[in-house]
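Trainee: Structure provided below as structure tokens; questions to follow.
The values are calculated or read from the model by the stated rules, or taken from the named source; none is laboratory data. Bear in mind that the values here come from a model prediction, so they are computed numbers and not experimental data. Every residue, glycine as well, gets a Cβ built from its backbone with ideal geometry; the counts of neighbours run over all protein chains shown. Side chains are part of the model used for accessible areas, which takes the heavy atoms of the whole protein and leaves out ligands, DNA and RNA. Shrake-Rupley method; radii C 1.70, N 1.55, O 1.52, S 1.80 Å.
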Amino acid sequence: MSHPAQPMYEPFAAEFEAHAYDSAYNAHYDRPAVLDLLGDVTGARVLDAGCGPGLYAEELLARGAVVTAFDASPEMVRLAERRLGTRADLRVWDLERPLTWLPDATQDLVLLALVIHHVDDRPAALAELHRVLRPGGHLVVSTTHPTSDWLLTGGGYFDRVPVEEVWQTRWRVRYWRQPLQAWCREFTDAGFLIERLVEPRPAETMAARYPEVSEKLARSPGFIAFRLLRP
């Protein structure tokens, strides 16, 4: 898959921030699920990989974490800096590149929220995240649910293919869809143990804000999340 001249989310970073702040799928579905999987982060060194405008990092800081975060989009990092100030170590970096600025075994937790399906060289990216985690540390990953992807895009469930779509009328995005066993194989091949697999249910707050979406997600999953152990 060829890479665009600029990071994918760069042209609509501000629109995404406004949307994700209180959207059904971000604020009332993925964020509560992955923050729950991270557990108690008080005093923990947490790497937010693909941090976007800093919405997850803001909550991690509020819960007492020491946060390092990066995103491929300069505009996303600027928005995160505006939100977080100097409370987090932020930088522009692409997960497709080695994390040369992070030493081995320096992070207690890594968060990869709705990012991994945008990455082409996932084995290399996962190997780098494994490297920077301390033994006994955890990587929490969320992505689109393989069954949901299959039902939405058609083809075969076991297809491993890139998908190009337009979201929110003008956001041009690309992501990979693949079966559950392929995701699990990539995680274990990188040296992780799958400690928990979660198919999130809507947060209670979604029912009041987005009742139709809440009813839909209560019946069929949209995302899936994993808590992976670095032995």
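Trainee: Given the condition over 16 Å from the mean Cα position of the chain (by Cα), aromatic (Phe, Trp, Tyr) and surrounded by 13 or more Cβ atoms within 10 Å (Cβ to Cβ), answer yes or no: does some residue in the stretch 178-186 qualify?
Mentor: No, that holds for no residue.
Trainee: Those residues that are more than 20 Å from Leu37 (Cβ to Cβ), open to solvent by less than 80 Å² (accessible area, probe 1.4 Å), free of Cβ contacts under 8 Å to residues at least 24 places away in the same chain and out of contact with any helix residue (DSSP H, G or I) (no Cβ under 6 Å at 6 or more places or on another chain), I need them from the stretch 187-231; list them, please.
Mentor: Just the residues of the stretch 187-231 that are more than 20 Å from Leu37 (Cβ to Cβ), to begin with: 189, 207-216, 219-220.
So of that shortlist, the ones also open to solvent by less than 80 Å² (accessible area, probe 1.4 Å) come out as 207, 210-211, 213-214, 220.
Filter again for free of Cβ contacts under 8 Å to residues at least 24 places away in the same chain, leaving 207, 211.
If the condition is that a residue be more than 20 Å from Leu37 (Cβ to Cβ), open to solvent by less than 80 Å² (accessible area, probe 1.4 Å), free of Cβ contacts under 8 Å to residues at least 24 places away in the same chain and out of contact with any helix residue (DSSP H, G or I) (no Cβ under 6 Å at 6 or more places or on another chain), then Pro211 is the only one that fits.
Trainee: Can you tell me which residue among Ala18, Ala14, Ala69 is farther than 21 Å from Tyr175 by Cα and outside any strand (DSSP E or B)?
Mentor: Working: Ala14 fails: farther than 21 Å from Tyr175 by Cα; Ala69 fails: outside any strand (DSSP E or B).
Answer to the check: Ala18.
Trainee: In addition: Regarding the stretch 68-78, can at least one residue be identified that is surrounded by fewer than 20 Cβ atoms within 10 Å (Cβ to Cβ), at pLDDT 95 or above and more than 21 Å from Pro11 (Cβ to Cβ)? Don't jump to the end; show me each part of the working.
Mentor: In the first step, residues of the stretch 68-78 are kept if they are surrounded by fewer than 20 Cβ atoms within 10 Å (Cβ to Cβ); the result is 74, 78.
Adding the requirement that they be at pLDDT 95 or above leaves 74, 78.
Filter again for more than 21 Å from Pro11 (Cβ to Cβ), leaving none.
The answer is no, given that none of the residues of the stretch 68-78 is surrounded by fewer than 20 Cβ atoms within 10 Å (Cβ to Cβ), at pLDDT 95 or above and more than 21 Å from Pro11 (Cβ to Cβ).
Trainee: Search the stretch 161-183 for residues that are of a type in the set (S, T, N, Q) and pair each with any residue that is open to solvent by less than 10 Å² (accessible area, probe 1.4 Å) when their beta-carbon atoms are under 7 Å apart and the residues are at least 6 apart or on different chains.
Mentor: Gln178/Pro146
Trainee: Among the residues that make up the stretch 201-210, is at least one of them touching a Leu at 6+ places or on another chain (Cβ under 9 Å), in a strand (DSSP E or B) and of a type in the set (A, V, I, L, M)?
Mentor: For the stretch 201-210, residues touching a Leu at 6+ places or on another chain (Cβ under 9 Å), in a strand (DSSP E or B) and of a type in the set (A, V, I, L, M): absent.
Trainee: Kindly check whether there is at least one residue in the stretch 99-120 that is touching a residue at least 40 places away in the same chain (Cβ under 8 Å), in a loop (DSSP other than H, G, I, E, B), surrounded by fewer than 22 Cβ atoms within 10 Å (Cβ to Cβ) and among the acidic types (Asp, Glu).
Mentor: So far as the stretch 99-120 goes, yes, one or more of its residues are touching a residue at least 40 places away in the same chain (Cβ under 8 Å), in a loop (DSSP other than H, G, I, E, B), surrounded by fewer than 22 Cβ atoms within 10 Å (Cβ to Cβ) and among the acidic types (Asp, Glu).
Trainee: Taking Gly155 and the conditions (1) open to solvent by less than 70 Å² (accessible area, probe 1.4 Å); (2) more than 19 Å from the chain's Cα centre (by Cα); (3) on the phi < 0 side of the Ramachandran plot; (4) not acidic (Asp, Glu), which numbered condition does it fall short on, given that it satisfies the others?
Mentor: Gly155 satisfies all of (1) open to solvent by less than 70 Å² (accessible area, probe 1.4 Å); (2) more than 19 Å from the chain's Cα centre (by Cα); (3) on the phi < 0 side of the Ramachandran plot; (4) not acidic (Asp, Glu) except (3).
Trainee: Looking at the stretch 146-159, is at least one residue touching a helix residue (DSSP H, G or I) at 6+ places or on another chain (Cβ under 6 Å), in a loop (DSSP other than H, G, I, E, B), closer than 25 Å to Leu217 by Cα and modelled with pLDDT of 95 or more?
Mentor: Applying the first criterion (touching a helix residue (DSSP H, G or I) at 6+ places or on another chain (Cβ under 6 Å)) to the stretch 146-159 yields 146, 157.
Among the residues that remain, those that are also in a loop (DSSP other than H, G, I, E, B) are: 157.
Cutting the leftovers down to closer than 25 Å to Leu217 by Cα gives us 157.
Now drop any that are not modelled with pLDDT of 95 or more, which leaves 157.
There is at least one residue in the stretch 146-159 that is touching a helix residue (DSSP H, G or I) at 6+ places or on another chain (Cβ under 6 Å), in a loop (DSSP other than H, G, I, E, B), closer than 25 Å to Leu217 by Cα and modelled with pLDDT of 95 or more.
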